[in-house]
Amino acid sequence: MESVTVTTVFPDYSSENYPDDGLCDLDPDPMDVITQTYIHSIICALGLIGNTLVITTYIFYKRTKTMTDVYLYNVAVADLIFVLALPFIIYNEQHSWSIGPVACKILRSAYSINLYSGMLLLACVSCDRYVAIVQARRSFGARSRTLIYSRLICSAIWLFAVALTLPTLVYTELFIEQNLGDETVSVMCQLSFSKNETAKLMKVVVPSLQMAIGFLLPLIVMVFCYSSIMYTLLKAQSSQRHKAVRVVLAVVAVFIVCHLPYNVALLIHTLSLFRERSCEAEKIKLHVLAISRSAAYLHCCLNPILYAFIGVTFRNHFWQIMLDIWCFSKKCIFHARSTRRTSDIRMSSDGSNNLTSFSA
């Protein structure tokens, strides 16, 4: 079997340099590209609708009343950022990145920011649930007073996620590659390095940071916190407490299921960097990476579904949003709102129908 030394470019893992006697065409199969485009389009549509509903619920209906609310609101924001970037990534991959180098850098950084911020925020959710349930007596009355700290923690996580994304932002460039066997040229948005030493370092550091800080560290925190929570719930035999953490536990479980295959595939790929390996084995590995990466993208649209079908409060608010949208389309929102026996409606002084505030 033909052996080649393949140097990959993270995060797309396309071919970059080959020895003269071992050329290997790692371009994806056109059918695979079309299939992934459809899958990513579905993820984008569902993620856009779901996360917009979550954010709308928190802003106008539910409000962020607890630390967990603040964290989950920021998770939805992180998912929405990536979902908005995904169609531009899909379009430019099909049209040789006609949007330009600046957009190339920003769009390729969107997933990294989403990964770091989303996973670390879910780790914070597990810590907050741990304090509220396992340390309930010690934390009684204190969590409401520390709501401001949750916003500071979220701000710190966002800054940390941006800092971890800087290598991707700095080194991502439009990369021109001559296709094998013909005279066509491919324009790709990938990490590009001027020095071989820098390339070797960053191709190990970037995926290692993603696996260690973006997955392994939050996973350890979640396993510890939720194991303690489950132990406490079993001793207390309280169904109400179980329901209180069920939605968060489901969200974390889905997040792990989505990201574990990609991180395992990424670890195997990183360990094989700069080693001689067969062309066929490399193609299979890149195919697995592409599939598992799509599964990782899937979490962006699964979190809102979990809120709708498991969280009773969120489900009620979602139905209320649908009713309000229906009322608005029928031009009766003013009448519907005026008949509610709540004090959450603030009408403008001139009697217009503009609704400035919603809460529940």
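The values are calculated or read from the model by the stated rules, or taken from the named source; none is laboratory data. Worth saying up front: this structure is predicted, and the values here are computed from it rather than measured. Heads up, the Cβs are rebuilt from the backbone with ideal geometry, glycines too, and the neighbour counts pull from every protein chain shown.
Before moving on, here are some points about what is shown:
- Screening region 78-109 for residues that are aliphatic (A, V, I, L, M) and under 9 Å from the mean Cα position of the chain (by Cα) and picking the one that is surrounded by the most Cβ atoms within 10 Å (Cβ to Cβ) gives Ala78.
- The listed residue being in the same structural domain as Cys104 (by TED's automatic domain parsing), over 29 Å from Met202 (Cβ atoms) and at pLDDT 75 or above, out of Leu159, Leu152: Leu152
- In region 256-264 there is at least one residue that is at pLDDT below 85 and either in a helix (DSSP H, G or I) or over 15 Å from Met119 (Cα atoms) (or both).
- Flag for Leu323 being assigned by TED's automatic domain parsing to the domain that holds Val125, at pLDDT 85 or above and out of contact with any strand residue (DSSP E or B) (no Cβ under 8 Å at 6 or more places or on another chain): no
- Every condition in (1) surrounded by 16 or more Cβ atoms within 10 Å (Cβ to Cβ); (2) at pLDDT 80 or above; (3) within 27 Å of Ala85 (Cβ to Cβ) is met by Val170 except one, and the failing one is (1).
- Of all residues in region 186-203, none satisfies the criterion of being modelled with pLDDT under 75 and more than 23 Å from Ile106 (Cα to Cα).
- Residue within region 190-210 that is farther than 29 Å from Ile90 by Cα, assigned to a helix (DSSP H, G or I), over 22 Å from the mean Cα position of the chain (by Cα) and of a type in the set (D, E, K, R) present: yes
- Filter pass, Ile42 being farther than 26 Å from Ala212 by Cα and assigned to a helix (DSSP H, G or I): yes
- Out of Val252, Val247, Val312, sole residue that is buried (at least 16 other Cβ atoms within 10 Å of the Cβ) and at pLDDT below 75: Val247
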